[in-house]
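Everything on this sheet refers to the single structure shown next.
None of the figures in this text is laboratory data; all of them are computed from the coordinates on show. Note that the coordinates shown come from a computational prediction; the quantities given were computed from them, not determined experimentally. Ideal geometry is used to build each Cβ from the backbone, glycine not excepted, and the neighbour counts take in all protein chains shown.
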Amino acid sequence: MNAHVKRVVVGVNGSATSLAVLRRAYTEACRREAELRIVVAYRLTPAVVTEYGYPGAAVATCWEREAALDTLRSTCLRALGALPEDLLITGVTEPGRHWRVLARQAWHEDDLLVVGPGPTGLRRLWHRSVAAQCARHARCQVLVVARPALMREYRRGLRRWSGWARRRADPTAQTAGLHDLDAA
């Protein structure tokens, strides 16, 4: 792969992780003096039946595209504050699976594709990792950005709390704890 990157492509969805990914992509684009292309992929809902008073498929598609544009705008504003003047930034919304859209947008080997980590926990069983799919199918370099430290700490604390709540709810654990106190 070519070491000179002309375009940095990043996928965002409005989550806290995608904010960190967008910030990292912006840093990479500034460092390499490359174009930053921000992509929001959205899924099309099945065709909506018009007999029952629902809007038609064309209207639903319009709504989904508008929602994707809103996600693009709000994510850029939350991650970067305002759109910087010193860098060429392009926003793209496209329907389709996230990894396919990203691989299509980063089609040249001079591109750099920046993605976040995949799902954690039980969600890994049902949802494929976009990062893994992009690494498998993209024709360019792929940079996977780690989850922000605050989110990792939050998840760790949440697991500790859920374990504590489970122990508190378990009558066997409660009586075992009482017997241990009585014995002391």
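Using modelled amide H (1.01 Å from N, peptide plane; none on Pro or chain starts), what sits under 5 Å from the amide H of ALA106, excluding residues fewer than 5 places away?
Placed amide hydrogens put nothing under 5 Å from ALA106.
What's the extension gain from ALA16 to ARG136 if we count 0.36 nm per residue and subtract their Cα-Cα distance? Provide the component values of the computation, followed by the final result.
Working: separation 120, 0.36 × 120 = 43.20 nm, distance 2.47 nm.
Value of the extension gain: 40.7 nm.
Need the full-extension length gain, ARG73 to ARG97, defined as separation in residues times 0.36 nm minus the C-alpha distance. One decimal, nm. List each step's numbers first, then the result.
On the way: separation 24, 0.36 × 24 = 8.64 nm, distance 2.03 nm.
Full extension of this stretch gives 6.6 nm more.
For labels at ARG43 and GLU109 in the simple 7 Å Cα→Cβ model, what's the distance in nm?
If labels sit at ARG43 and GLU109, their model points lie 3.5 nm apart.
CYS140's amide H: which non-local residues (gap 5+, or another chain) put their own amide H closer than 5 Å, with H modeled 1.01 Å from N in plane and none for Pro or chain starts?
Under 5 Å from the amide H of CYS140: no residue qualifies.
Mind giving me the nanometre distance, one decimal, between the label points for GLU33 and HIS4, set 7 Å out from Cα along Cα→Cβ?
Label-label distance for GLU33 and HIS4, simple model: 1.1 nm.
What residues have an amide H closer than 5 Å to that of THR93, excluding those fewer than 5 places away on the same chain, when H is modeled at 1.01 Å from N in the peptide plane?
HN-HN under 5 Å from THR93: VAL40.
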